[in-house]
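In what follows, a structure is listed as structure tokens, so that the remarks can point back to it.
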Amino acid sequence: MLLSSLRRRTRQLGVQAGAVGQKAVLGPGLFGLARPSERPESGVRVRFGPSPTGFLHLGGLRTALYNYIFAKKHGGSFILRIEDTDQSRLVPGAAENIEDVLEWAGIPPDESPRRGGLCGPYQQSERLDLYLKATETLITRNAAYYCFCSPHRLELLKKEALRMRQTPRYDNRCRHLTSKQIEERLAQGCPHVIRFRLEEGAEPFDDLVYGVNRLVPASVEGDPVIIKADGFPTYHLANVVDDHRMKISHVLRGTEWLTSTAKHLLMYRAFGWEPPAFAHLPLLLNKDGSKLSKRQGDLFIENFSRNGFLPEALLDIITNCGSGFSGNRPGRTLEELVSEFDVTKITTHSALLDLEKLPEFNRIHLLRRIESAAWRQQLVTELRALVEKVYGEKLKDCDVLHTDYLERVLLHRKGHITRLLDLVSPAYSYLWIRPLVPREQIENLSAEGEKICSVVVHLFQAWPNGGATTAELNSELRALQAQFPGTKYSVMMKLLRLALSGQQQGPSVAEMMLSLGPKEVCERLQRAAIH
Ligand code: GLU
């Protein structure tokens, strides 16, 4: 009853538990709570609770990943909960982006706003009734109270504290209001918030990473707001209520929340709820120890994906700089991350991320994808689209778009390229476009140039189907050189490279020939010989 004005306000905003956009597998019961028979089996349940105040970046992906790994390691569930109670900071599209990125990264949640689940809704703005109900419980137990202090008064308190060189904190004045005073102010429609009464005696807790924590919140801060003037809960209340309602067994989150945990535990105690276990994850920093910058969106996952980096390379690099594993080594797959992860191995040192190594991580994972027949087919499709996009009109020879050609290119360049995108860079343009090499250019290199080209054409015409290895081809080319005493081997290679690619640098001639395939090699050398 006391909270009826807040309830009215949140209803006016059209927000209610179980309202719009919920896609639960089984309909929720009252206020979005799972009915007892639908309650999930007890077991490991972890959650990633991002605020949709921006698109997902590397730090967020890492927190999500550790949660995912922990859930899978223990046969549990990984839940995505969108913490959107700070309505002033919402970024349109961010919630969708976060879920899209988790799916792209191959670490999809088991329960989420999109997937639904038994403990939905999974978006806090749709659970407001739950928070108000929980707040009623706290008020009834004298663990929370109305606060009518004006922003002006709070500002003065803050200024005074700063003047005295003290940390600003609320002085808990409204703790002492009588029921009558409260009723009167409510009747007058005075703006208000609800605060949680921080008790003095906080018990120490044992963080799975940071060990025993003895922080006594009441000694460092005033009673915190749990319901804001707009009727929305603050992070602290919503977090505790949801972790309890969603049966979260372990909270794995950034270390910046470590100091809030003692406060959360006081709330659990006031509700009479069993708290989850906590593991706070050390910070992710640049390799020089500076803060990861989100400037220019360079750390947003979308950016990495747009630039051709594979999800598994990102997952690998962000777990290779930190802890949770016996050792670090590039190239771990998600399955290996799950099987090798050990929460007790997470240390309190910050994780130092060296993004300069990302191309190398990507090279390893791209190589692995190329070697898998199923992935290779997908890469062929992607490569075809890239080639068409980059070279479009210039693609006179459409043989280069054939699956066999694209697949051969992938198989021959694997291990040499760090991203699929490399294959459409100028250095590899010869793969898609036949060069126009003036005959004089060939002849300038060697008077025997034309002849060399013809002989190599014969060599390839006679080459057995199924191809050759680089070593075999190299020894054939070496042997051929004996027929052209007037041309040094290095010049012969230069000449062939020019005829094949129009370029002076690039992969070895043998590798170039193998990527192009016999048909294309003959075509190009014949053109060079007769031009
Ligand atoms: N919404 C909080 C954040 O974005 C989540 C903190 C938590 O996991 O408890 O960091």
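The values are calculated or read from the model by the stated rules, or taken from the named source; none is laboratory data. Just so it is clear, the model here is predicted, and its values are computed rather than measured. So basically every Cβ, Gly included, is an ideal-geometry build from the backbone, and we count neighbours across all protein chains shown. Areas reflect the complete protein model, heavy atoms only, side chains present, ligands, DNA and RNA absent. Shrake-Rupley method; radii C 1.70, N 1.55, O 1.52, S 1.80 Å.
One table, with the values for the structure above:
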item	result
Cα centre as origin, Lys/Arg/Asp/Glu Cβ charges: the stretch 391-446 dipole, Debye	160
Leading residue at positive end of dipole, the chain (Cβ point charges), from 231, 504, 315	231
The chain, Cα convex hull volume normalised per residue, Å³	198
Centroid-to-centroid separation of the stretch 264-278 and the stretch 314-363 [C-alpha atoms, Å]	32
Estimated inter-spin distance, residue 455 and residue 229, nm [label 7 Å along Cα→Cβ]	9.0
Residues of the chain: accessible area per residue with a 1.4 Å probe, Å²	47
Charge context of residue 143, other residues only, Cβ under 15 angstrom, K/R +1, D/E -1	+3
Simple label model, 7 Å out from Cα along Cβ direction - residue 161 to residue 411, nm	6.9
Residue 427-residue 385 pseudo-label distance in nm [points 7 Å out on the Cα-to-Cβ vector]	2.5
Residue-averaged [θ]222 nm for the chain, counting only DSSP H segments that reach four residues, each worth -39500 (n - 2.57)	-13500 deg cm²/dmol
Positive-end extreme of charge dipole, the stretch 134-198 - chosen from 152, 166, 196 (charges on Cβ)	166
Residue (of 367, 433, 395) at the positive-pole extreme of the stretch 322-471, dipole from beta-carbon charges	367
Within the chain: Cβ-based charge dipole about Cα centre, in debye rounded to nearest 20 (Lys, Arg +1; Asp, Glu -1)	1240
Per-pair calculated FRET efficiency, R0 = 22 Å: residue 372 and residue 73 via Cβ, rounded to 0.05	0.35
Share of carbon and sulfur in the accessible heavy-atom surface of the stretch 207-339 [1.4 Å probe, %]	53
Charge dipole magnitude, Cβ of K and R +1, D and E -1 - the stretch 233-379, Cα centre, debye nearest 20	200
